[in-house]
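Trainee: Below is a structure I'd like to ask you about.
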Amino acid sequence: MDNSLSTENEQKMIGTVNSLLRKLLSGYSTTLEQDAAALKNLTESDFNMRNIITLRQREKALYFYGLRTLEMLATAQKLDKTEL
């Protein structure tokens, strides 16, 4: 029997990816709200900083999307969500 598609392995995969995404998010010193406020305070000549903050926002948004997707997967598969 092939156990590579078992519920246990799926649970481990979701937990591992969840932990990775949370670790990546914790590495940022600002929140999405702080980034949005920083963008509002920039002048037109601050285009490099605007690009940096915009990229940072998009990275965070992607990680949050991943976390929401993992939660939906866990719900759909009726997995233990205590690690989410």
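Trainee: I need the full set of residues from region 40-84 which are of a type in the set (Ser, Thr, Tyr) and either within 10 Å of the chain's Cα centre (by Cα) or not in a loop (DSSP other than H, G, I, E, B) (or both), in order please.
Mentor: Result: Thr54, Tyr63, Tyr65, Thr69, Thr75.
Trainee: Regarding Met49, is this residue within 30 Å of Glu10 (Cα to Cα), of a type outside the set (Val, Ile, Thr) and surrounded by fewer than 15 Cβ atoms within 10 Å (Cβ to Cβ)?
Mentor: For Met49, the condition - within 30 Å of Glu10 (Cα to Cα), of a type outside the set (Val, Ile, Thr) and surrounded by fewer than 15 Cβ atoms within 10 Å (Cβ to Cβ) - is not met.
Trainee: Follow-up. Quick test of your reading of the structure: Leu21 fulfils all but one of (1) at pLDDT below 95; (2) in contact with a Phe, Trp or Tyr (Cβ under 8 Å, 6 or more places away or on another chain). Name the failing condition by number.
Mentor: Result: Leu21 fails condition (1) only.
Trainee: Does any residue in region 29-42 that is among the polar types (S, T, N, Q) come within less than 9 Å, Cβ to Cβ, of a residue that is surrounded by 12 or more Cβ atoms within 10 Å (Cβ to Cβ) and outside any helix (DSSP H, G or I) six or more places away or on a different chain, and which pairs are these?
Mentor: none
Trainee: Which of the residues that make up region 16-31 are hydrophobic (A, V, I, L, M, F, W, C) and surrounded by 14 or more Cβ atoms within 10 Å (Cβ to Cβ)?
Mentor: Val17, Leu21, Leu24, Leu25
Trainee: What pairs come up if the first residue lies in region 50-69 and is free of Cβ contacts under 8 Å to residues at least 12 places away in the same chain, the second is among the aliphatic types (A, V, I, L, M) and surrounded by 12 or more Cβ atoms within 10 Å (Cβ to Cβ), and their beta carbons are under 6 Å apart, counting only those six or more places apart or on different chains?
Mentor: Arg50/Leu42
Trainee: Across region 57-84, what is the number of residues that are at pLDDT 90 or above and within 14 Å of Ser19 (Cβ to Cβ)?
Mentor: So the count comes out to 6.
The values are calculated or read from the model by the stated rules, or taken from the named source; none is laboratory data. The shown structure was predicted, so the numbers you read here are calculated from the model rather than taken from an experiment. Note: ideal-geometry Cβ built from the backbone for every residue, glycine included; neighbour counts use all protein chains shown.
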